[in-house]
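> Before anything else, here's the structure in question.
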Amino acid sequence: MSKKDLKEYLQQLNKKQLQEQITDLYTRFKDVKEFYDFAFNPQENKLLEECKFKISKEYFPVSGRKAKMRRSVAQKFIRHFKKLGVEPNLIADVMLYQIEIAITYTSEKYIKQEAFYKSMLKSFAEAVTYINENAIRNDFNDRLIRIADDVAEQNWIGWRGFEKLIK
């Protein structure tokens, strides 16, 4: 069904039928429920805290287990936040937090895998692009510079790529 067909169908429904359809969607589909829950009660700070806690657990597990350092955990949150329509500043904050927590981890423990550094550079490139596209560079410029300086100081593989991205 195309968007045009959907609009035509919805125009044929009366208010009560529309309410029933939306209520049914809300009950059946988790994504619809999350969307409406967020739309009417956007607890962005709570979401952000939960997100940062889970990302930090990837590098500093509470249970003393081995760190998993999965970039995918943060990426999943970022995609989810974009779907919900979370404010761009908060999404950018999460994007940079992921890299900052990785920098904190590598300041304590050296990582040999080149793939780790490549994925962090990719995350940084995505963050810079997102920040520039949303015209919020002034809000995050200091953090971007600090990240580039930190990876250079730690001599990360590909650290020059970070510097090139912020110029």
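None of the figures in this text is laboratory data; all of them are computed from the coordinates on show. Here the structure is a predicted model, which is why all the values come from computation and not from measurement. No Cβ is skipped: glycine too gets one built from the backbone with ideal geometry, and neighbour counts run over all protein chains shown.
> With r defined as the distance between the Cβ atoms of LYS66 and ASP37 and R0 fixed at 45 Å, what FRET efficiency is calculated, to the nearest 0.05?
Efficiency for this residue pair is about 0.80.
> Report, in degrees rounded to the nearest 10, the 0 to 90 angle that the Cα long axis of helix 3-12 makes with the longest principal axis of the chain.
Value to nearest ten degrees: 40.
> Something else: What value, in deg cm²/dmol to 500, does the helix sum -39500 (n - 2.57) over DSSP H runs of n ≥ 4 give at 222 nm once divided by the residues of the chain?
Counting only the DSSP helices, I get -25500 deg cm²/dmol.
> Quick one: helix 44-59 against the long Cα principal axis of the chain, what's the angle to the nearest 10°, folded into 0 to 90?
Approximately 40 degrees, to the nearest 10.
> OK, next. Which pairs in the list LYS15/LYS52; LYS82/LYS167; LYS7/LYS54; LYS3/LYS164 are over 31 Å apart, alpha-carbon to alpha-carbon?
LYS15/LYS52; LYS7/LYS54; LYS3/LYS164
> With unit charges on the beta carbons (Lys and Arg positive, Asp and Glu negative) and the dipole taken about the Cα centre of the stretch 60-167, which residue among PHE60, ASN141, GLY161 sits farthest to the positive side?
PHE60
> Here's something else I'd like to know. Any chance you could give the angle, 0 to 90 degrees and rounded to 10, that helix 137-153 forms with the longest Cα principal axis of the chain?
Approximately 40 degrees, to the nearest ten.
> Top mean-square fluctuation among SER63, SER123, SER72, Gaussian network model of the chain, C-alpha springs under 10 Å?
Sorting by GNM fluctuation, first place goes to SER63.
> Treating the beta-carbon of each Lys and Arg as +1 and of each Asp and Glu as -1, no other charges, what is the dipole magnitude of the chain about its Cα centre, to the nearest 20 debye?
Using Cβ point charges on Lys, Arg, Asp and Glu, the chain gives about 640 debye.
> Fully extended, how many nm does the chain gain between LYS112 and LYS76 (0.36 nm per residue separation, minus their Cα-Cα distance)?
The span from LYS112 to LYS76 would gain 10.5 nm if fully extended.
> Which one, ASN14, ASN155, ASN41, has the greatest fluctuation when you compute a Gaussian network model over the chain with C-alpha springs under 10 angstrom?
With Cα springs under 10 Å in the chain, the top fluctuation among ASN14, ASN155, ASN41 is at ASN14.
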